[in-house]
Amino acid sequence: MTILSKLQPLHHPLFTQHKVQVQIKRDDIIHPIISGNKWRKLKYNLAHILQDKNSNGVLSFGGSYSNHIHALAFACYQQKIPCVGIIRGEEDYANNFTLSWAKHWGMALHFVDRKTYRRRHDTDYLLQLKQKFPHYFIVPEGGSNTFAITGVAEIIKELNQQTTFDTLITPTGSGGTLAGLITGDCQSKGSLHKILGVAVLKEAEYLINDIHKLLPNRAKHHNNWTLLTDFHRGGYAKFSQFDANRILEFNHVTEVDFEPVYSGKMILAFLDLLEQGYFSKGERIVLLHTGGMQGIGGMIERGILKADQWGMPKQVNSL
Ligand SMILES: Cc1ncc(COP(=O)(O)O)c(C=O)c1O
């Protein structure tokens, strides 16, 4: 199988001190726009749409700074697939960093209020959307469906060719990526790995159920994974100045860039766990970089992060 992303050693004095071996799976650089878990999740979704002669396009959901919406818009632009984004929030957001690019790449943006957005999984609301956008394939928020699981599972196949490891860590939002990794691990021939998901949102225990629902039957009894729910740092996209500085310092030491919403929260959790003595001596750990660097653009725009420290993410008109 083709290896989509490289695996590289990550060096930090704390890793030496705690005697762990750390590598990073660079899914963030698979593609300049469709990066990280987005590539993995969209791969089989788009293949499905492209082979369906009756399909008119794709429709999906997201917040106004959504990495998924941003990546989907570009992927559809490249594949010439019409696409619709149902966006939580007001029309004004159409001019923000994330959505102005999505619009530029041809996504039709439909803004809905929070109450309507909450109905995004309801059968009657989905039926209404199907009537409004006939023969559009509906991809759930974050892209997390069974096609996504198949795509993410391939990360494990790649890793098994690239290295031997004990533990794999990923940031977790909707749970699709974690479910894909569990599935991939369960399908592989070798012994099971320990898979840790760092929940980036508050009160995320409900995700355990969502993850179970996404798992194929044979992976449902695979209990070698843990969702860590104590490292959200106040909630989704919330972090302190201290947290942001710790991520910046880590980026500087390791020469790999992480952002504070997903991959950076995984890093902070990892550093905390190291200090708590969570890992064994000699443990071989792989961190999954799930991308999402475009999100920095919106945070700079809102004054949450400084451009001179984080750098404005580069975007492209075409590739
Ligand atoms: C960059 C990035 N990393 C990680 C995640 C979490 O993935 P999941 O929603 O599959 O748990 C997301 C959200 O989709 C994301 O945008």
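What follows is calculated from the coordinates using simple rules that are stated; it is not laboratory data. Values in this document were obtained by computation on a predicted structure and should not be read as measured data. Positions of Cβ are generated from backbone atoms using ideal geometry, with glycine treated the same way; all protein chains shown enter the neighbour counts.
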key: the range 256-265 - phi-based ³J(HN,Hα) in whole Hz, Karplus 6.51/-1.76/1.60, Gly and Pro as x   = 10, 8, 10, 10, x, 8, 10, 5, x, 5
key: the chain - Cys residues lacking any other Cys C-beta under 4.7 Å   = Cys186
ask   = Which percent of the Cα-Cα distances in the chain go past 26 Å?
value = 45
key: Under 20 Å from the Cα of Lys38 - aspartates and glutamates, other chains or at least 8 residues apart   = Asp27, Asp28, Glu141, Glu154, Glu158, Asp185, Asp210, Asp257, Glu259
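Helix-only estimate, please: 222 nm mean residue ellipticity of the chain, summing -39500 (n - 2.57) across DSSP H runs of length 4 or more and dividing by its residues, to the nearest 500.
Values: 13 runs with 130 residues, N = 319.
About -12000 deg cm²/dmol.
Please work out how much length the chain gains when fully extended from Gln128 to Thr163, using 0.36 nm per residue of separation minus the C-alpha to C-alpha distance, in nm with one decimal. Numbers along the way, then the final one.
Values: separation 35, 0.36 × 35 = 12.60 nm, distance 4.76 nm.
Going from the current span to full extension adds 7.8 nm.
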query = Which whole-Hz couplings ³J(HN,Hα) result when phi for each residue of the range 142-151 is put into the Karplus expression 6.51 cos²θ - 1.76 cosθ + 1.60, θ = phi - 60°, listed in order with x for Gly and Pro?
reply = x, x, 7, 9, 5, 5, 5, 4, 4, x
request  = Could you list, in their original order, any pairs among Lys6/Lys265; Lys115/Lys314; Lys6/Lys194 whose Cα atoms are separated by more than 27 Å?
outcome  = Lys115/Lys314
remark   = Two pseudo-spin positions, 7 Å from Cα along C-beta at Phe242 and at Gln79, lie apart in nanometres by 4.5
request  = Report the dimensions of the range 37-143 along its three principal axes from the alpha-carbon atoms, largest first, rounded to Å.
outcome  = 35, 31, 22
remark   = Relative contact order as a percentage, the range 1-99, C-alpha pairs under 8 Å and 6+ apart, gives 22
remark   = Going residue by residue through the range 227-233, the Karplus relation 6.51 cos²θ - 1.76 cosθ + 1.60 with θ = phi - 60° gives ³J(HN,Hα) values, rounded to whole Hz and with x marking Gly or Pro, of 9, 8, 10, 9, 10, 7, 6
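Using per-residue counts of other Cβ atoms within 10 Å, averaged over each peptide, order 1-10, 297-306 from highest down. Before the final figure, lay out the partial values.
Values: 1-10: 14.2, 297-306: 17.0.
So the peptides 1-10, 297-306, ranked by packing, come out 297-306, 1-10.
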request  = Quick one: which residues, 5 or more positions from Ser35 or on another chain, have an amide H under 5 Å from its amide H? H modelled 1.01 Å from N in the peptide plane, none for Pro or chain starts.
outcome  = Gly292
remark   = Ordered by fewest other Cβ atoms within 10 Å, a rough proxy for footprinting exposure, Asp210, Asp113 read Asp113, Asp210
key: Tyr136 long-range amide H proximity, modeled H, under 5 Å   = Asn56
remark   = Restricting to aspartates and glutamates and to Cα separations under 16 Å from Lys19, and discarding same-chain partners fewer than 8 apart, the set is Asp166, Asp272, Glu275, Glu283
query = Under unit Cβ charges (Lys, Arg +1; Asp, Glu -1), what dipole magnitude, rounded to 20 debye, does the range 37-143 have relative to its Cα centre?
reply = 320
